[in-house]
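Presented below is the structure to which this report refers.
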Amino acid sequence: DTAVSQTPKYLVTQMGNDKSIKCEQNLGHDTMYWYKQDSKKFLKIMFSYNNKELIINETVPNRFSPKSPDKAHLNLHINSLELGDSAVYFCASSQVTGVSGGRVYNEQFFGPGTRLTVL
Amino acid sequence: KQEVTQIPAALSVPEGENLVLNCSFTDSAIYNLQWFRQDPGKGLTSLLLIQSSQREQTSGRLNASLDKSSGRSTLYIAASQPGDSATYLCAVRRVYGQNFVFGPGTRLSVLP
């Protein structure tokens, strides 16, 4: 199936631990994203990334770091987990075509989400 | 700073009704706007993408309109069905940027 996939689907861990969430897309897209959906269901961008450019939302703590081994993967590493990190994390991808000044940002496709619970 | 709001927060209608969901944004300098649906415990499914130069997009029973100057988009659902029950989110992509700003969503229940 062509899709954006994430693992694990559920992650329960203790405060202070370090954990990773993996994301893979087989859509051939060149840009990937991480979003956080909090308990109030508000979705907020954390990172957007392609091979050339990482854009970080300035509100994201530096305990969070994206790691991209290749264009099809963008993993999210979280160090020293805190209670407030509990949320659903969504990965997404899209294709950005054209060049600076004439770029076309196309549809974003989302993964199924990873529910992180920090105890 | 772009802010996106959606009205109503929740909506319950009988099956077969036509309905309109509203999305408002504060900064009209947008690149495009995308409507999604989210089923409980699931990810987001893209419904429609409207570029800033477009006025509307249609897909099946769905029609989305965009009025940039007034900072509004509407999602029209014709002949609603119980399977349409979900949370509907609009997201605005700003000019010169890749990131979406999401609205809080409208939770729709279509009763059989």
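Each value in this text was obtained by applying a stated rule to the coordinates, not by laboratory testing. Just so you know, these numbers come straight off a predicted model, no measurement behind them. So basically every Cβ, Gly included, is an ideal-geometry build from the backbone, and we count neighbours across all protein chains shown.
When B:84, A:70 are arranged by Cβ crowding within 10 Å, least crowded first, meaning fewest neighbours, the order is A:70, B:84. When chain A is treated as a GNM with alpha-carbon contacts under 10 Å, the residue of A:95, A:14, A:37 showing the greatest mean-square fluctuation is A:14. Going by the alpha-carbon gyration tensor, a ≥ b ≥ c the square roots of its eigenvalues, is region B:1-72 rounded (a/c under 1.5) or, if a/c is not under 1.5, prolate (a/b greater than b/c) versus oblate? It comes out prolate by the Cα gyration axes.
Quickly work out the residue B:9-to-residue B:52 label distance, labels modelled 7 Å from Cα along the C-beta direction, and quote it in nm with one decimal. In this crude label model, residue B:52 to residue B:9 measures out at 3.1 nm.
Could you grab the relative contact order for chain A? Cα pairs under 8 Å, six or more apart, rounded to a whole percent.
It comes to 36 percent, rounded to a whole number.
Rounded to whole numbers, the Karplus 3J(HN,Hα) couplings from phi for region A:110-119 are 9, x, x, x, 10, 8, 9, 10, 10, 9 Hz, using 6.51 cos²θ - 1.76 cosθ + 1.60 with θ = phi - 60°, and x at Gly and Pro. For chain A, modelled as a GNM whose springs connect Cα atoms under 10 angstrom apart, the maximal fluctuation among A:15, A:46, A:32 occurs at A:15. Distance between the pseudo-spin-label points of residue A:5 and residue B:19 (7 Å out from Cα toward the beta carbon): 3.4 nm. In terms of other Cβ atoms within 10 Å, B:55, B:93 run from fewest to most in the order B:55, B:93. Measuring against 26 Å, Cα to Cα, the residue pairs A:19/B:1; A:19/A:71; A:44/B:68; A:41/B:1 contain A:19/B:1 as the ones spanning a longer distance.
Over all directions, the projected convex hull of the C-alpha atoms in the protein assembly as shown averages 12.8 nm² in area.
Springs between Cα atoms under 10 Å define the GNM used for chain B, and in it the highest mean-square fluctuation of B:43, B:71, B:16 occurs at B:43.
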